[in-house]
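This report concerns only the one structure given below.
The values are calculated or read from the model by the stated rules, or taken from the named source; none is laboratory data. Just so we're clear, the structure is a prediction, and the values are computed from it rather than from any experiment. Here the Cβ is made from the backbone with ideal geometry for all residues, glycine too, and neighbour counts use every protein chain on show. Note: areas computed on protein heavy atoms with side chains; ligands, DNA, RNA excluded. Shrake-Rupley method; radii C 1.70, N 1.55, O 1.52, S 1.80 Å.
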Amino acid sequence: MTIAAISTAKSPAGIGIVRLSGEEAISLACGFFQGKQSLDDPANDRKLLYGHIVSEGEVVDEVLAVAFRAPFSYTGEDMVEIQAHGSRIGLERILNCFISAGAEPAKRGEFTKIAFLNGKLDLTEAEAIIDMIEAESVSAQKQSARQLTGHLYRKIEGFRTRIKDTLAHLVADIDFSTEEVEPVDVSALITTCEAILAEMKALESTFTRGKLVQEGIATAIVGKPNVGKSSFLNKMLREDKAIVTDIPGTTRDVLEASYSLDGIHLRIQDTAGIRKTEDTIEQIGIERAMASMEEADLIIALFDASRPLEEEDMEIIERIKDKRVICLLNKQDLGSVLNKEAMEAYFPGAVIETSFIRDEGLAAVEDLIESWFLSGTIEEDEIQIYSLRHKLLLAEAVESLSKAVEDIRSGIGLDLAEVYVEDAFLKLGEITGQTAGEEVLDHVFSKFCIGK
Ligand SMILES: Nc1nc2c(ncn2[C@@H]2O[C@H](COP(=O)(O)OP(=O)(O)O)[C@@H](O)[C@H]2O)c(=O)[nH]1
Ligand SMILES: [Mg+2]
């Protein structure tokens, strides 16, 4: 089978690429490509050839075309890439030439799936491709680039090799236990397993941070009406994104914005001020504010420092005091009646006095966010996981291996331990794809776009 797809974005651009992969890729392309040199000629393998795509005597576009002969291509099959002008219509016409000549429209992620099945990359590397395409910050892109170059794969493979070794010892002991064979050194086995376990747990614990890097920090700005929430958003973004007025209840819907702090991505939501209201629209806005607050990784809670706390402020404090909160005592320029130390009781080390009118306190907010989320910046060679799929499998592998250690230690019987060790081995293999079933693969590749 030969598949074809447009691999570039479907919006006007300088160039766009149509890809073909499969046994017929080169012959199909030759049916439409006309140039001085032939794509068919093995001497032109991986050379960019100038020419035209011609269909029924009509020039569709002026293009550059390149053939990659198997196995030296992205998918490992014969491939052709046609670089045409980045017109959606033009690219679709070129694609249709190939489809009408017998190519199958590629499914989501199919090129990469074939590459995976041909052993060009493992599952973590394939997943890194989609993450990299979707990365929204420099650090997210860097993180997926590391995974793309096999860092995680090698780490997991390392665990697998060592676990396999352990397994071999256990199997040998079980199979030959009735014969005169040297028994397994149980304490050495426990030591080995515990060492692997510790490393696996350490990797698992990088997830929280890795996920924040990849997905950004969901940040909710909350507080009573008129305390300066929208002003804060505008100051952070350095643009007038949200409407700021002195009329309480101005912001009604949740307003989303993106902000990059030293390469880490903040997804900020400015929300409606929380208060009791009869206004239906405002009430919906307040419910959304509550939801945003619940889901946030970070809450920026604002209070008007020029007035004493009211019941509504206390309700907000009550709701958020166990979360990760930065508390801003705003409007310091009007004179403060709120006591910073008293607020520290609720939000230790996280109370900052601000005045947006005077541009005061914003740098301190940024510093605090950085110290919380960027502290101990990642070493270049450190491996973090950020995918929930990896984290769950790793957790299962940790659990199985822990049970194995318990069984070995308690002397219950090595055959039971073997089952657990085997399970840990398989779970890790599901991360890299070695032991992943069709269902897992379908799930992973369905997240891709067509043409990738
Ligand atoms: N004096 C003073 N006024 C502020 C400060 N921050 C915001 N305001 C004003 O307070 C009003 C409400 O601000 P806004 O950002 O819309 O508050 P929100 O309802 O919490 O989103 C506006 O008139 C702002 O100009 C500040 O630090 N000092
Ligand atoms: Mg507002």
* Please list, in chain and number order, the residues 5+ apart from D61 or on another chain whose amide H is under 5 Å from its amide H, with Hs placed from the backbone. => I53
* If you roll a 1.4 Å probe over the heavy atoms of the protein chains, what accessible area per residue do you get for region 213-373, in Å²? -> 47 Å²
* Starting with the highest mean, order 339-347, 84-92, 222-230 by the number of other Cβ atoms within 10 Å, averaged over the residues of each peptide. => 222-230, 84-92, 339-347
* Would you calculate the volume per residue, in Å³, of the smallest convex hull containing every Cα atom of the chain? => 212 Å³
* Structure fact -> Between E366 and E56, the FRET efficiency computed from the C-beta separation at R0 = 45 Å comes out, to the nearest 0.05, as 0.15
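Fully extended, how many nm does the chain gain between R238 and L117 (0.36 nm per residue separation, minus their Cα-Cα distance)?
Numbers: separation 121, 0.36 × 121 = 43.56 nm, distance 4.78 nm.
Roughly 38.8 nm would be gained on extension.
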* Distribution of pairwise C-alpha distances over region 111-226, 10 Å bins, in % -> 12, 27, 24, 19, 12, 5, 1, 1, 0
* Just going by the charge dipole of region 2-106, with Lys and Arg at +1 and Asp and Glu at -1 on Cβ, which of V63, G22, S11 is farthest out on the positive end? -> S11
* Asked: What dipole magnitude, in Debye to the nearest 20, does the chain give about its Cα centre under +1 on Lys/Arg Cβ and -1 on Asp/Glu Cβ?
  -> 1360 debye
* To do: Tally up the carbon and sulfur contribution to the accessible surface of the chain as a whole percent, 1.4 Å probe, everything protein left in place.
  => 51 percent
* Asked: So what are the radius of gyration and Dmax for the Cα set of region 37-148, in Å?
  -> 16.5, 50
* Structure fact -> Expressed to two decimals, region 16-57 has a Cα Rg over Rh, using the Kirkwood radius, of 0.93
* T354's amide H: which non-local residues (gap 5+, or another chain) put their own amide H closer than 5 Å, with H modeled 1.01 Å from N in plane and none for Pro or chain starts? -> L329, N330, K331, Q332
* Residue by residue, what Karplus-based ³J(HN,Hα) values in Hz, rounded to whole numbers, does region 222-229 have, using 6.51, -1.76 and 1.60 with θ = phi - 60° and x for Gly and Pro? -> 10, x, 5, x, 6, 7, x, 4
* Asked: What do you reckon, how do I221, I450 stack up by accessible area (1.4 Å probe), largest on top?
  -> I450, I221
* To do: For M314 paired with K201, estimate the spin-label separation in nm (one decimal), with each label point 7 Å from Cα along the Cα-to-Cβ line.
  => 4.3 nm
* Along the charge dipole of the chain, which of G119, M290, V419 sits closest to the positive end, that is, farthest toward it, with unit charges on the beta carbon of Lys, Arg, Asp and Glu (+1, +1, -1, -1)? -> M290
* To do: Treat each spin label as a single point 7 Å out from the Cα along the C-beta direction, and report the I412 to R69 distance in nm.
  => 5.8 nm
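Mean separation of Cα pairs under 8 Å and 6+ residues apart, divided by the residue count of the chain: what relative contact order is that in percent?
For the chain, the relative contact order is 16 percent.
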* Asked: For the cross-link pairs K241/K323; K36/K107; K10/K113; K427/K452; K229/K323, which exceed 24 Å when the distance is taken from alpha carbon to alpha carbon?
  -> K241/K323; K36/K107; K427/K452
* To do: Answer with one residue from G150, A364, V440: the one whose Cα lies farthest towards the positive end of the charge dipole of the chain, charges on Cβ with Lys, Arg +1 and Asp, Glu -1.
  => A364
* To do: Obtain the radius of gyration and the Kirkwood radius of region 213-373 from its C-alpha atoms and give Rg over Rh.
  => 0.92
